[in-house]
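Worksheet: one structure, shown below.
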Amino acid sequence: MCGIVGYIGHRDALPILLNGLKRLEYRGYDSAGVAVHDGQNLHVFKKKGKVKDLENELKDKKIKGNIGIGHTRWATHGEPNDVNAHPHVSQNGLFVIIHNGIIENYKQLRNFLKDKGYQFKSETDTEVLVNLIEYMYLESETDAEMAVRLALSEVIGAYAIVVLAINEPEKLIAARKSSPLVIGIGKGEFFLASDATPIVEYTDQVVYLDNNNMAILKEDEFILKNLANERLNPIIQKIEFDLVSIEKNGYDHFMLKEIFEQPVAIQDTMRGRVTSDASMIRLGGITSVLKKILAAKRFVIVGCGTSWHAGLVGEYLLENLARIPVEVEYGSEFRYRNPIINSDDIVIAISQSGETADTLAAVELAKKNNATVLGICNVVGSSIARETDAGVYTHAGPEIGVASTKAFTAQVTVLTMLSLMLSQEKGTLPYSSFKALVNELQQIPDKISKVLEQNDYIKELAYLYKDARNFLYLGRGYLYPVALEGALKLKEISYIHAEGYPAAEMKHGPIALIDENMPVVFLATKDQIYDKVLSNIEEVKSRGGRVIAIVTEGDDTVIRMVDHVIEVPPVSEALAPLVTVVPLQLLAYYAAVLRGNNVDQPRNLAKSVTVE
Ligand code: F6R
């Protein structure tokens, strides 16, 4: 959600900023802008649209300068247009800022500044902040660093900011609260960004800024402080991915690449955690709290969107295999409904980005109530990963496509390992069943590869249904969350309305929607309730609905009942979500491509939702 990039050093800043913005465009893409200081003057350019549009505008301009900031926006306050785009310059031109996050008390601050004679060009909270910094600077007759500190002490909300002061053009000032900010450390140069993707091609040494910390960066100096002006020691970490993992590698879209990466991503998630003889699972990241986990009366899983769906699969897994009561909650609901949280609860936060504001708030609430909080995150060093007591990284590699795919299967893999591991600690599953399931889990990457071989066939199916206006996705048991996930994938990138439902619930309402124009995707692999799902398929067919069924290879019953089948290799029901979700991802992907949509940057969406 909004991309921030900054550079200070000996190179030309502009190409670094534009390159960085392109890499960050998945975080926000309704407008973009840059500000470069050439030693004498500040040059600011901003434009509604993609980074490409900004780049075209800058093509013939000769802007040289070794210090600059850039931003790609996902609108919160004010529509996407040239004026609302960042960077924002203060009224007297003394400060320029880029900002990610939301200033909640911006209206009060705006009124305060208006009384002091400030006028506003944009509708953004960011322009309020940059003017507040300038006001503090002029009023307190102080330096830029102190002005930023004073302004931030008045701010309620979330921010990652980078500020350039016209009177002190040899430095960048950065600060964060609840919105991520990473600083890359080069030789005589620094790179700033809202995540490490634009940094990785220059350096693998980074500092993740903590909440309420400020960095003052000069070409050859890195000063880290907290907002109380105390010096801190920067902790330098190594980025764990390389450039190749954030490029498309010949695929048309990141989403397709990430769908195809799932066999490897799942291998990586299991690596070092499952012994090759399938005899043991060890999740090193949670050993410190294992006693508490085993003593817990219940687990509460929190997440949003796709991560919430993974949490629902987790509920089935943990309850079935480890016999632990589980509740699954949207982060956004949990945080505001005064939930009952006990100190012997285990709260598990699931988040690909590790930055989702609603999930992070749920984590904070759980911690405040003394629960033990675990994280299942993909982005190393992310806020949720750092805020939680312990956790398990998914290790799926960077996910750039806005629609989450490999993160989901990696999250479900972690939840499967966790459930299986706990089943042995608690003695809820015979060792032979445990071993058989672990063995099967190790075969999941190959099974997914087999599903991926049907890519062209699924594309043909997508062609047949791309003009549908509505879709229903139905599944039961472990496959109910997969139905929800299939529907979410379709709606977010193809813009076709889709709903996921537990198949048996259909007769309580949605069945009224069924006619010959309603495609229904059934998850109908062979499991305990296969026969019941067959009845649900009958109910749809007898009302003229058109059915696509995901079935177990060789199923000769469903094939006679429905319009199309997509076969997946046989798999135990506990592991079926990992395999059955893949054709749904491809179906959504191709429907979106065939409708001419921008798959990696769907309208109105952004990766990593760091606002409420
Ligand atoms: C859907 C999607 C979103 C995210 C949700 C949570 O494809 O990507 O629904 O799953 O915004 O994001 P994370 O997992 O980063 O917390």
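Derivation of every value follows stated rules applied to the coordinates shown; laboratory data play no part. Small disclaimer: the values here were computed from a predicted structure and weren't measured. Note: ideal-geometry Cβ built from the backbone for every residue, glycine included; neighbour counts use all protein chains shown.
A cut-off of 5 Å between modelled amide H atoms, ignoring neighbours fewer than 5 places along the same chain, links residue 302 with 329, 348, 349, 350.
When Rg and Dmax are taken over the Cα atoms of the stretch 243-449, they come to 16.4, 50 Å.
Subtracting the Cα-Cα distance of residue 221 and residue 81 from their residue separation scaled by 0.36 nm leaves 46.8 nm.
Pairs exceeding 20 Å between alpha-carbon atoms, taken from 61/171; 297/367; 491/541; 48/121: 61/171; 491/541.
Compared with the rule-of-thumb size 2.2 N^0.38 Å for a compact globular protein, the stretch 526-565 has a Cα radius of gyration ratio of 1.07. Could you work out the mean projected area of the convex hull around the alpha carbons of the stretch 3-239, in square nanometres to one decimal? Here the figure is 11.2 nm², rounded to one decimal. Derived scalar couplings between HN and Hα for the stretch 504-516 equal 6, 6, 3, 6, 8, x, x, 4, 4, 7, 6, 8, 5 Hz in order, rounded to whole Hz, by the Karplus curve 6.51 cos²θ - 1.76 cosθ + 1.60 (θ = phi - 60°), x for Gly and Pro. Considering only alpha-carbon pairs that sit under 8 angstrom and 6 or more positions apart, the relative contact order computed for the chain is 12 percent. The alpha-carbon positions of the stretch 242-339 define a convex hull whose volume is 168 Å³ per residue. Applying the Kirkwood pairwise sum to the alpha-carbon positions of the stretch 267-390 produces a hydrodynamic radius of 14.6 angstrom. Multiplying the residue separation of residue 139 and residue 251 by 0.36 nm and removing their Cα-Cα distance gives an extension gain of 34.9 nm.
The C-alpha atoms of the chain define a longest principal axis, and helix 576-594 lies at about 60 degrees to it. Legend: Rg and Dmax of the chain, from Cα coordinates, 25.3, 81 Å.
Angle of helix 431-452 to the longest C-alpha principal axis of the chain, folded into 0 to 90 degrees and rounded to 10: 70°. Working value for the stretch 173-269: equivalent-ellipsoid semi-axes of 31, 14, 11 Å, each the square root of 5 times a Cα gyration tensor eigenvalue, largest first. Helix 305-322 versus the longest principal axis of the chain: what is the Cα-based angle in degrees, 0 to 90, to the nearest 10? Helix 305-322 sits roughly 50 degrees off the main axis of the chain. Here the relative contact order of the stretch 513-612, from alpha carbon pairs under 8 Å that lie six or more residues apart, stands at 22 percent. Temperature 37 °C, viscosity 0.692 mPa s: under these conditions the Stokes-Einstein estimate for the stretch 170-228, based on its Kirkwood radius over C-alpha pairs, is 287 µm² per second. What is the stretch 453-599's relative contact order, in percent, from Cα pairs under 8 angstrom and six or more apart in sequence? Relative CO of the stretch 453-599 lands at 31 percent. Converting the Cα gyration tensor eigenvalues of the stretch 134-220 into ellipsoid dimensions via √(5λ) gives semi-axes, longest first, of 24, 16, 8 Å.
Given the Cα atoms of the stretch 453-599, and with Rh set as the inverse mean 1/r over their pairs in the Kirkwood sense, what is Rg to Rh to two decimals? Computed over Cα atoms, the ratio is 0.93.
Here the stretch 387-486 has an Rg and Dmax of 17.2, 51 Å, counting Cα atoms alone.
Overall dimensions of the stretch 32-74, expressed as equivalent-ellipsoid semi-axes from the Cα gyration tensor (√(5λ), whole Å, largest first), are 19, 12, 7. If you plug the beta carbon distance of residue 298 and residue 368 into 1/(1 + (r/R0)^6) with R0 = 25 Å, you get a FRET efficiency near 0.85. Holding the Cα-Cα limit at 31 Å, pick out from 291/526; 107/187; 107/177 the pairs that are longer than that. Those over the limit are 291/526; 107/187. Summing charges over neighbours of residue 206, with a neighbour being any other residue whose Cβ is under 12 Å away from its Cβ, gives -2 when K and R count +1 and D and E count -1. Computed extension length for residue 460-residue 323: 45.1 nm, one decimal, from 0.36 nm per residue of separation with the Cα-Cα distance subtracted.
The aspartates and glutamates within cross-link reach of residue 532, meaning a Cα-to-Cα straight distance under 16 Å and a gap of 8 or more places when in the same chain, are 505, 555, 573.
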